[in-house]
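Please treat every number below as a calculation from the coordinates, not as lab data. In this text the structure is predicted, and so the values were computed from the model without any measurement. Cβ atoms come from the backbone with ideal geometry, glycine included; neighbour counts cover every protein chain shown.
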Amino acid sequence: MRYAYYPGCSLRGTGRAYEESLVAVFRALSVEIEEIDDWNCCGATTYMSVDELTSYALAARNLALAERDHTDIIAPCAACYLVLNKTQHYMREYPSIHLVVTRALGAIGLTYKGRVKVRHPLDILLNDVGVEAIAAKVKVPLNGLKVAPYYGCQIVRPYATFDDQRDPTSMDRLLSACGAKIVRYPLKTRCCGGSQKGTLPEVGLDLIHYLLMEAQKNGAEVISTVCPLCQFNLESFQKEAGDRHHPTSIPVLYFSQLLALALGAAPDSIGLQRGFVPIEPVLAGREITYA
Amino acid sequence: MELKRTVKFEADRDPEFARWVSHTVGGERIRHCLQCGLCSGKCPLSLYMDYTPRRLMHLSREGFKEEVLGSTSIWLCTACYACMVECPKKINVTHLLYALKERAIEEGRYPRRFAIPVMARQFSRMVRGRGRITESWLVLQVFMRTAIWRLLGMSRLGLKLLRAGRLPLRRETIQRQAEIATMLDSVATTRKELAL
């Protein structure tokens, strides 16, 4: 199993722990990844709103670079995953977009034939590696740790084919295999507000708060996320959201951090120390004795 | 007391806008809208909007340009795609919202120092110049241009992020950065040629 790895900008900044833990998970499961040479920003949701056409060209440069190496792409960030997939769809559906993008790529000596698949780590782990193979490699069982699985929006909607768009369960299955207990979390695909906390703070804080409250109410000890922006929002603004509504204190980890922990990775090698709501008391309470 | 006519007249419509909506990416199927309201029901932001997605669909296709481009809804949309997944007529609601936002920015219809268009502009400049985004610089640039006083309130979080190694200050740049500008120029040329 070999894939082209597309980290995206957030995994080099606020989402560093996501990259660190994913790399640990892939290493433990012998999944080979190679970073796309000289990848560029996918444009994210922000670029789309100034200039949609250009954003497809930006995304396509990465697709073309991966195609040159004949590999499928792993895109862990929700926004990257969506934008790269959307570009694929739109190049197929709209001849005018196809033409604009093909010419832009041609200007820098690249071509794109549409052969690359853009995939999420959840998809790779579930369908290429398999739950059984992962369960067999668990060294530190999660001892019934109560997890609220939070998928957010752009992983499952609108293009993912590996999971249900309304009630996704891929993360549930992976974490259960590691011994976690999945709590009921009906808001699992509700939006966290994205960059709204920065641009329209009152609204952003409300959205963040509902998600935190719901997890706390249902007895979750930790929220597990798949997106750098969701993780950042839910973790960093708990106090602010709490001051406006009801206080919450719940650690928010990347699903890959929980997986890596179960597969025996050392906590500081997977960015556990980078969190703002400490996870150590929760792990100690469950008698999870990690490396 | 300011009194305003609350019923819209046929003459308030802008047929040109309606035509643009139904021909833009995302708007092609808008004629099929049943006004069922599933989009509004699923939208996590609709309770903050002046026109909910359902109403926005109707106003757009009928050409009520002023109402649509002046509404808060186009700025509140976070592109979470909940509406699009539910739409029984498979209308690309989210994509249309993108197009409306792009149009509103083009026409300069937003309050001064409004963070969303400012962020979009800074974001695209950084991508053009460096090929990648460095979050710390982007946030700094946006606050400097919108609400510099809020930087103070953000400084605690900034320090926490720095200490956790999550806010690198070194700016990310790709190696072949000239390629980005070349591509963007090519897009602009083709766009003009094809009048897209």
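Rounded to the nearest 20 debye, what is the charge dipole size of the stretch B:115-194 about its Cα centre when +1 sits on each Lys and Arg Cβ and -1 on each Asp and Glu Cβ? Write down the numbers at each step before the final one.
Values: 16 positive and 5 negative charges, 73 e Å.
Magnitude of the dipole: close to 360 debye.
Can you tell me how much longer the chain between B:HIS23 and B:GLN177 gets when fully stretched, taken as 0.36 nm per residue apart minus their C-alpha distance, in nm with one decimal?
Gain in length upon complete extension: 52.0 nm.
Averaged over peptide A:98-107, the number of partner chain Cβ atoms lying within 10 Å of each residue's Cβ comes to 5. Model label sites at B:GLU2 and B:GLU106, defined 7 Å from Cα along the beta-carbon direction, differ in position by 2.9 nm. Annotation for the stretch A:210-263 versus the stretch A:75-149: alpha-carbon center distance of 24 Å.
Of the trypsin sites (Lys or Arg not before Pro) in the stretch B:111-196, the ones in a loop by DSSP (not H, G, I, E or B) with at most 15 other beta carbons within 10 Å are B:ARG112, B:ARG113, B:ARG170, B:ARG171, B:ARG176. Helix A:201-217 and the longest principal axis of the Cα set of chain A meet at an angle near 50°. What FRET efficiency comes out for B:ALA147 versus A:TYR210 if R0 is 30 angstrom and r is the Cβ-Cβ distance? Round to the nearest 0.05. The formula returns an efficiency of 0.75 here.
The alpha carbon centroids of the stretch B:133-170 and the stretch B:75-98 are separated by 31 Å. Using only alpha carbons, the stretch B:1-117 has a radius of gyration to Kirkwood radius ratio (Rg to Rh) of 0.95.
Using a cut-off of under 13 Å, list every residue of the stretch A:259-291 whose amide N is near the label point 7 Å from the Cα of B:ARG163 along the Cα-to-beta-carbon line. Those under the cut-off are A:274-278.
Only lysine pairs 8 or more places apart or on separate chains count here, and in chain A those with Cα atoms under 26 Å apart total 19. With θ taken as phi - 60° and the Karplus curve 6.51 cos²θ - 1.76 cosθ + 1.60 applied, the whole-hertz 3J(HN,Hα) list for the stretch B:165-175 is x, 10, 9, x, 9, 5, 7, 6, 9, 7, 6 Hz, x standing for glycine and proline. When the GluC sites (Glu not before Pro) in the stretch B:80-174 are filtered for DSSP coil states and for at most 16 other beta-carbon atoms within 10 Å of their beta-carbon, the remaining sites are B:GLU107. Once the chain from A:GLU32 to A:ASP69 is taken as fully extended at 0.36 nm per residue, the excess over their C-alpha distance is 11.9 nm. If you run the Gaussian network model on chain A, springs between alpha carbon atoms under 10 Å, then out of A:TYR90, A:TYR185, A:TYR112 the most flexible one is A:TYR90. Over its Cα atoms, what ratio of radius of gyration to 2.2 N^0.38 Å does the stretch A:2-119 give? It is 1.05. Note on the stretch B:12-106: with charges restricted to the Cβ of Lys and Arg (+1) and Asp and Glu (-1), its dipole about the Cα centre is near 400 debye.
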